[in-house]
Structure formats: structure tokens, C-alpha cells
1. Could you tell me whether segment 252-262 includes any residue that is of a type in the set (Gly, Ala, Ser), surrounded by fewer than 20 Cβ atoms within 10 Å (Cβ to Cβ) and within 16 Å of the ligand (Cβ to nearest atom)?
2. When segment 25-77 is examined, which residues are found to be free of Cβ contacts under 8 Å to residues at least 12 places away in the same chain and touching a helix residue (DSSP H, G or I) at 6+ places or on another chain (Cβ under 9 Å)?
3. Which members of segment 396-434 meet the condition of being part of a loop (DSSP other than H, G, I, E, B) and among the small types (Gly, Ala, Ser)?
4. Return yes or no: is Leu96 in contact with a Leu (Cβ under 8 Å, 6 or more places away or on another chain) and buried (at least 22 other Cβ atoms within 10 Å of the Cβ)?
5. Can you go through Ile130, Ile139 and tell me which one is within 16 Å of the ligand (Cβ to nearest atom), within 26 Å of Thr341 (Cα to Cα) and buried (at least 23 other Cβ atoms within 10 Å of the Cβ)?
6. Answer yes if at least one residue in segment 280-291 is within 19 Å of the chain's Cα centre (by Cα), within 16 Å of the ligand (Cβ to nearest atom) and in contact (Cβ under 8 Å) with a residue 12 or more places away in the chain, and no otherwise.
7. Might you check whether a residue that is assigned to a loop (DSSP other than H, G, I, E, B) and touching a residue at least 12 places away in the same chain (Cβ under 8 Å) occurs anywhere in segment 155-173?
8. Quick one: how many residues across segment 194-222 are buried (at least 21 other Cβ atoms within 10 Å of the Cβ), within 15 Å of the ligand (Cβ to nearest atom) and either in a loop (DSSP other than H, G, I, E, B) or among the β-branched types (Val, Ile, Thr) (or both)?
Amino acid sequence: MLFHDIALIDKDGITREHRNVRVEDALITSIEPCATTLDEAQAQEIEVYDGRGKLIIPGFFNNHSHVPMTLTRGYGEGLSLYDWLYKRIFPFEALLTEEDMYWGAMLGIAEMLSGGTVSFTDMYMRIQGIYRAVMEAGIKASLANGLTGDASTKLEQTVWYRETETLRRDAETSDGRVIANASLHAQYTSAPELVRQIAEYAKDKQLRMHVHLSETIGEHEECKEKYGKTPARYFTDLGLFDVPTSAAHAIFIEGEDYDLLRDKKVTLCHNPSSNLKIGSGLADVKKWRDHGIRVTIGTDGAGSNNNLDMIEEVTLASYLAKGIHRDPLLFSTGELLTFATRNGALAQGREDTGLLEPGYRADLAVVDMTSLHFQPLYDIGTSLFTNANASDVVLTMVDGRILYKDGQFTTIDIEKVLWNVYRIRDRNLATLAE
Ligand SMILES: [Zn+2]
């Protein structure tokens, strides 16, 4: 397939127009200046995509999500965090079956594909349902169940262990699309004895780690009071960061945490919408970057965002940094794109993707810049994280396979997905009303 006469952002962050990007099988095979008209190209090629007015980018890596939480989107708005979680979310989640997770994940995956996301890092439960959705939809994912438990918990006897072991075996047959992660939910939902067990398990099985870190001031200060150290130091001492780790939120990291996280090569994931909506606070992403910590972007769950729009998330990350530091140069389009693509790919351990260069996987998205909110267009590249939103994405491709194009999904029966999420919503509301 040839993307003909399309614009791109090169590795120095400069917009390059009139390029031909060729994809063969699962790979990008060439990128060259366009020297033909569309008619000439169509006469020579089997499949030509007219790229005029469009920008091609590496697809997004949503580095922190709870994908079936699409089912809870909009449920319990206007409550305090405590009431939202304990009166709405936890009772609702307790009713969700593995089959429900499949439908919730399918809705989330469809939304992500329609917004240019090609891979996501997830933490949830009953994850075999999520695995099935990922495999059918064709997207990539790093999946995990988020472990919680007290000092008496024996890891091998938990549902977590059974699900993670099943995922580990299943992922081996996924052609590399699914990566099994180990995941600890958070410092405040687990005892140190359990952190030690999961750290050992992850090391033994060579799994990556995904965890919530210092998301609220309450949990951060409580950890310091209880253990005399910050959550980052606590995790470091218990060995959690001895495997490649990606940690979400990290709003309240302080002092030596920055050096610890850098030295342990922990990737941090910025979740600006969720941080704002839940009232958690403002993360200082410039400081992460300046300390040499790898920065990624994630939407978090749809319950606390409320969408899975990576373009909006990156734009918000950029505007927040500008405002916090009173510096309109934070960050360049090229750097923002790196946060949301290559850095996310590397955080998942995927060296072969996240870049628009020959030899890399064709995990791509195309953004149409002909809508009114781009006009008049001066620079198609810098318009990405200022003017665009998810609905401007017109094509998403994973491993060279088109999964979304012009409002249509090639692998997902979206009517069936919607029918089922409404069925689950109504069933849960009826049960909870009893
Ligand atoms: Zn989260």
C-alpha cells in the first residue's frame, strides 16, 4: 500500500509535505519525496491512498488505561472521589463478568482505534475477556491484572496469579501483539510482603511491571508516615523496580524520587485529564523530562477522563506544562509525538515500532486536516496538538492491517458492541437498585 502525497513530522520534529510512505506486509518499507501525480501512482500501484490534506504519524501508545471502564463512563458524576469509588464504581465493577470485560474492552478498543491508538498498556481484572477483545480487534496491548492484597496473601493462591499465568501462556500465541505484564495496583492497596512476592515473580518470569504511583497527596503522605519513605523509595527497596516498570500519575514524587526513578529506568505515564477530573493535582512533566526520565502519555480509564482520546491528552499535557512553567515552548510537536508514540512503544518493550521510518512496524494513523477548525492551514505538523482531536483521525493501521478507516471498523461489529454495553449497563443498574 502506498500513502501518496502525504505530510509527516520527521525525526527532528519538522513538517515534511508531499511524501510517499510505502507499507508492505507489516512493515514501513520506504519514505520518499512524492514525484508523481495521483493518477500516475494509481496506474502503477495496486493500492494507493490519497494523502492530500492529511498527516501520517506513528499510531499512539496509550500507556495507562483500564479499558473495560468504558462501562462506567459517566456513572456517578459529581460525587467526591470516595463516594464515586465506594458507592458507584466498586459495587458496579463487582458485578462485571469476564464476558462483560470483553464487551467493555471492545468499546474502548474501538474508541482508541478511531482516535489513532495502536497499542495500550492496561491494568484491570478478569483480563481473559480483555485479551479476547484485543486478539479479535487486531490492536496491540500490554495487559495485566492489578494485584491487591494484605500481608497474609499467598501470591500463588490468588485469582491474580491464575489470570496472569493464563495470560502469559496465551500471549505466547499472539504473534507479539499481546505482552503479559505483572501489575501491582498501588502502594496503599497492598502489603510489603505482597510487593516482595510480585517483585520476585516478575523477575522470575521476566515480566514488565505496571503500577499506580503517588497519584494523590493522601496516599503519598500516608506512606511516608507509615514507612518513613516515599512510595518510590518503598518500591525500590522492595525490588518492584528491578524489572522494567512503567508507573502512572506520579504527581507527588519529590526529592530523591527523581534520581531513583531515573536510575531504575522507570517510565512515567502522565494522565492529565484524570489528574484534573478526579482533583488529584498537577504533575510536573518538565521536571520528569529534565531528570532524564522517560515520559509517556495515557488516558487512564474512561470513568475518570471520560474519553480515550490521545490527541486531546497530549494537547492537554502540552498546555498544562506551558501554563505551569509559563513557557510556551513546552513542548515541541516532535517531543510531544515522541512521548505519545516511541516512548510508549519502548515502555512496552517494543523496539520495532513507534517510529515512522523504514524497517519499523506499520503501526500508523492518518489525521485529516481539512475540517473547519484547521482553516486556514499554515503548518500541518504543528496543527496536530493544537487543532486536532480524535474525530480527525481517518485511518488506523496495526502491523500493516487497516483496522479503522473513514468511520468504519474492519474487525469490530460496533452495533453489536453497543447493544451489549447497554445490556450490561441496564442489568447492573437494575441489580444495584434492588
Ligand atoms: Zn489508573
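1. Taking segment 252-262 first, the residues of a type in the set (Gly, Ala, Ser) are 255.
Imposing the further condition that a residue be surrounded by fewer than 20 Cβ atoms within 10 Å (Cβ to Cβ) reduces the set to 255.
Now restrict to residues that are within 16 Å of the ligand (Cβ to nearest atom): none.
No: segment 252-262 contains no residue that is of a type in the set (Gly, Ala, Ser), surrounded by fewer than 20 Cβ atoms within 10 Å (Cβ to Cβ) and within 16 Å of the ligand (Cβ to nearest atom).
2. Scanning segment 25-77 gives a single hit, Glu77.
3. So the first thing to find is which residues in segment 396-434 are part of a loop (DSSP other than H, G, I, E, B), and the list is 399-400, 406-407, 410-413, 434.
If the condition is that a residue be part of a loop (DSSP other than H, G, I, E, B) and among the small types (Gly, Ala, Ser), then Gly400, Gly407 are the ones that fit.
4. Numbers: in contact with a Leu (Cβ under 8 Å, 6 or more places away or on another chain): yes; buried (at least 22 other Cβ atoms within 10 Å of the Cβ): no.
No; evaluated as a whole, the condition is false for this residue.
5. Details: Ile139 fails: within 16 Å of the ligand (Cβ to nearest atom).
Result of the check over Ile130, Ile139: Ile130.
6. The answer is yes, given that some residue of segment 280-291 is within 19 Å of the chain's Cα centre (by Cα), within 16 Å of the ligand (Cβ to nearest atom) and in contact (Cβ under 8 Å) with a residue 12 or more places away in the chain.
7. Within segment 155-173, the subset assigned to a loop (DSSP other than H, G, I, E, B) is 158, 172-173.
After this cut, where a residue has to be touching a residue at least 12 places away in the same chain (Cβ under 8 Å) as well, the list is none.
No, because not a single residue in segment 155-173 is assigned to a loop (DSSP other than H, G, I, E, B) and touching a residue at least 12 places away in the same chain (Cβ under 8 Å).
8. Of the residues in segment 194-222, 3 are buried (at least 21 other Cβ atoms within 10 Å of the Cβ), within 15 Å of the ligand (Cβ to nearest atom) and either in a loop (DSSP other than H, G, I, E, B) or among the β-branched types (Val, Ile, Thr) (or both).
The values are calculated or read from the model by the stated rules, or taken from the named source; none is laboratory data. Everything numeric here is computed off the predicted structure, so don't read it as measured data. We place every Cβ from the backbone using ideal geometry, glycine too, and count neighbours over all the protein chains shown.
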